[in-house]
1. With the stretch B:181-234 as the region, which strands (runs of 3 or more DSSP E) entirely inside it contain at least 1 residues that are over 19 Å from residue B:24 (Cβ atoms) and modelled with pLDDT under 90?
2. So if I check each of A:380, A:310, which one is free of Cβ contacts under 8 Å to residues at least 40 places away in the same chain and either out of contact with any Ser or Thr (no Cβ under 9 Å at 6 or more places or on another chain) or more than 14 Å from every other protein chain (Cβ to nearest Cβ) (or both)?
3. Would a scan of the stretch B:59-75 turn up a residue that is within 14 Å of chain A (Cβ to nearest Cβ), of a type outside the set (Phe, Trp, Tyr) and within 26 Å of residue B:226 (Cβ to Cβ)?
4. Yes or no: the stretch B:2-15 includes at least one residue that is free of Cβ contacts under 8 Å to residues at least 12 places away in the same chain, out of contact with any Asp or Glu (no Cβ under 7 Å at 6 or more places or on another chain) and under 20 Å from residue B:88 (Cβ atoms).
5. Would you check if residue B:150 is modelled with pLDDT of 95 or more and more than 24 Å from residue B:27 (Cβ to Cβ)?
6. Mind telling me which of the residues A:391, A:395 ends up being in contact (Cβ under 8 Å) with a residue 40 or more places away in the chain and in contact with a Gly (Cβ under 7 Å, 6 or more places away or on another chain)?
7. Out of all the residues in the stretch A:289-329, which are within 15 Å of residue A:389 (Cβ to Cβ), small (Gly, Ala, Ser) and in a helix (DSSP H, G or I)?
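The values are calculated or read from the model by the stated rules, or taken from the named source; none is laboratory data. Model, not experiment: these values are computed from the prediction. FYI the Cβ positions are ideal-geometry reconstructions off the backbone, even for glycines, and counts take in every protein chain you see.
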Amino acid sequence: MRASDLLQFASTALLRHWLRTSFSLLGVAIGAAAVVALTGLSEGARQYVVGQFAALGSNLVIILPGKNETTGSFPGVGGVPNDLTLEDARALQRAMQGIQLLAPLAMGNETVEHRERSRQAAVVGTTHEFLAARELHMGIGRFLPPGEMERGGPLVVLGVKLAAELFPGENPLGGVVRIGDWRMRVIGVLEPRGTQLGMDLDEIAVVPVATGMRMFNRSSLFRILIKMHVHADLDAACERAVALLSERHDEEDVTCITQDSVISAFSSILRVLTLALLGIAAISLTVAGIGIMNLMLVSVSERTQEVGLFKAVGARSGQILAVFLTEAVLLSSIGGLLGLLLGRTVLGIIVMLYPTFPAVSPLWALFAALGLSVVVGALFGVLPARRAARLDPILALTRNYS
Amino acid sequence: MIELERVTKTYIMGGQPLHALREVSEVIAAGEYVAVMGPSGSGKSTLLHIAGCLDRPTSGTYRLDGKDVTTLPETELSRIRREKIGFIFQSFHLVPRLSAAENVGFPMVFAGVPRPERRERVEAALAAVGLAARTAHRPAELSGGERQRVAIARATVMRPQVLLADEPTGNLDSAAGRQVMALLEAMNERGLTLIIVTHDPGVARRAKRVLVMRDGEIAEHLRGSDLAEAVPRASLPAVPAP
C-alpha cells in the first residue's frame, strides 16, 4: 500500500466529518500553540535576564569584601573582614596580568540638593574606568577625569533623570550641587540607560572614589570591578586576585565572582523553567490526544462495516492499522502545524505590546511542538487502530445491515 | 476448484455449542455455477464465509486449487481473498464517502497496484458493468441496481477465480435483479466460478447445480432445472440474453 493512497484515504475520511475533525484539530492546535508560546515566553525571559547581565560588560571579574562561605569557626573569630582598600585595588592593578581596566567602587545613599530641590540618590564613588567597565556613555559633558585613585575632587556626574529633576529646564553643566556636606560641580550627564539589575543608572550620582569614601565615612570599598582582556581566563584571574589579597590581608577574606558564572547560573535556572513550562504545555497536548483517541474510536465503530469490507477484499490487518493510524497522525500533525502558527501569532502580539521583551520561541520548541503533536497522534491512535485491525470481518460485515 | 472435506464449524453460544456446519463435504469445480439455498440458520452463509477464507473451519479440510488453506496464517488468507476471491453482498457494502471509481479501485490499493494501472482497470471494470458514465458518483447518488453493479465491478477488478455472492438480488427490484444476475452469469461464462447464496428459487433455478442446506448439512443436491417445475413461472425473473 502506497503512502499517497494512505494519505488520500485518511484525508477523505477526515473531511467527511469536518466538524468533529476541526474540533480535534483545535485541541491539538491549542496544545502545540501552548508549547510554542510558553517556551517562547520563558526563553524570552532567559534572554532578557542574560542580556541584562551581558550589558554589564563581559570579561568582568568582581571582587567584594567578606567571605561568603561559612568558615566553621566561632562567630566573631576572624569574622570581621579586613577592609578592601584603594591600596588593595592598586596592588591588584600592579600585580595582575591581563587586566584591561580596573575600577574601585564605593557606594552610599545621600541627599543631593540643588537650590531648593533635593533628592535621595545612590552615590557611586569610582574612577574614570567605571564608564568603560559598565559600558556606559556620556550624554553631555565628560566623565570623571583619569588619574590617581586617591585624588579626589569636588566633581560629580549625574544620571540623566537625576539631572533633569535637579536642573529642570537648565543646563546642569557647571552647576553646583550639594551632596551631604559637600559642594560638587557637575561636569557631565550620563546617557539614558534605565534600570540594570535593580539599580536605576539614570538616578545615580558619580563622584571620585576617594571623595566618595570620605563622604560616606567608609574605610572599605564596596566592590572592585576588573575588566579582563578578551581572551583572559576569568577563573584564573579570580584565583590570582583572591590569592593576592589574602596575602595582603593575612587571611582569605574576599570573594571573587565572574560575570560568566552569574550569567550561566541564571541561564540554567531559567532553562529549567522553560522545561517545566514545556511539560505543562505537553499536558494540554495529551488532553488533545485523548480527544483524538475518542474521535478515532467513534470513527472505527462507525466504520465497522468498512473495515469488514476491507478485510473481505484482502486487506491485511497491518494495512487496516496503517489506515487508521495515518488518520490519527494526519489529524494531529495538521493540528500541530496550526498550533505553530497560532503560537507564533500569540508571541508576535506579545512582542508588539512589549517591544523590549525578546519573546521568540527557540527553533527546538517549534520542532518539539510539531514532534509532540505527531507522537500524541500516533500514541493515542494506536488503540483505536488496533481495535479496527482486530475486528472479525464476518461480524463487521453482518452487523447493522444498512 | 473448491474441495471441502468433512468441514465442521461450531460456535459456542451461551455455553452451548452451535453447529453451523456438520461435516460438509463438497467439490465445486472451477467455472461452475452453484446456488446454495436453505432456511435462515441452515449454515449457507457460514459455508460461503469458509469458501471465501473469511472464516476457518473448526475441523475438516478446505483445499482451494489443491492447496490446503485450512491452517494458513492470517496474512496468507488475506492474500488469497485479495487475489482469488470476489465477494458480493446483499447490502452492497460500498464505502459511502468514496466515488464509484474509488469504491472499485480500493482493493487494488491494498494490493499495491500502481495508480495509472488502477485507473485503467477501474474504467474497464465499470464499463463491463455498464456504468462507464457514473464513475464520479457516490453510492448515495446511485440506484440500488447501480450500486450492486459497482460492487460487482469491485469484486472482479482483481480478476479473481471465484465470485461469492450472498443474496445479491435481495435488496433489488426485479428489473435491477435481472440485470445483476445477467452480469454475474456473464462473469461465469468467462470462466469464473460463481457461488450464489439465495432464498429466491427464481434465482437458484438458473444455476447448473443447487445445494439445499438444512441444519448445517447439505440435505439435497439438485439441478437448477429441477427447481423450475416446483415454482410458478410468473415469479421467475425473465433474464434477457447477456
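1. B:217-223
2. None of the other options fit; the residue is A:310.
3. no
4. First pass over the stretch B:2-15, keeping only residues free of Cβ contacts under 8 Å to residues at least 12 places away in the same chain: B:11-15.
Adding the requirement that they be out of contact with any Asp or Glu (no Cβ under 7 Å at 6 or more places or on another chain) leaves B:11-15.
Those left that are additionally under 20 Å from residue B:88 (Cβ atoms): none.
No, the stretch B:2-15 has no match at all.
5. Here the answer is yes, as residue B:150 does meet what is asked.
6. So the residue among A:391, A:395 that is in contact (Cβ under 8 Å) with a residue 40 or more places away in the chain and in contact with a Gly (Cβ under 7 Å, 6 or more places away or on another chain) is A:391.
7. Hits for the stretch A:289-329 are A:299, A:301, A:308, A:312, A:317, A:318, A:322, A:328.
Residues checked against (1) at pLDDT below 90; (2) not assigned by TED's automatic domain parsing to the domain that holds residue A:362:
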residue: A:29; (1), (2): no, no
residue: A:32; (1), (2): no, no
residue: A:65; (1), (2): yes, yes
residue: A:78; (1), (2): yes, yes
residue: A:82; (1), (2): yes, yes
residue: A:88; (1), (2): no, yes
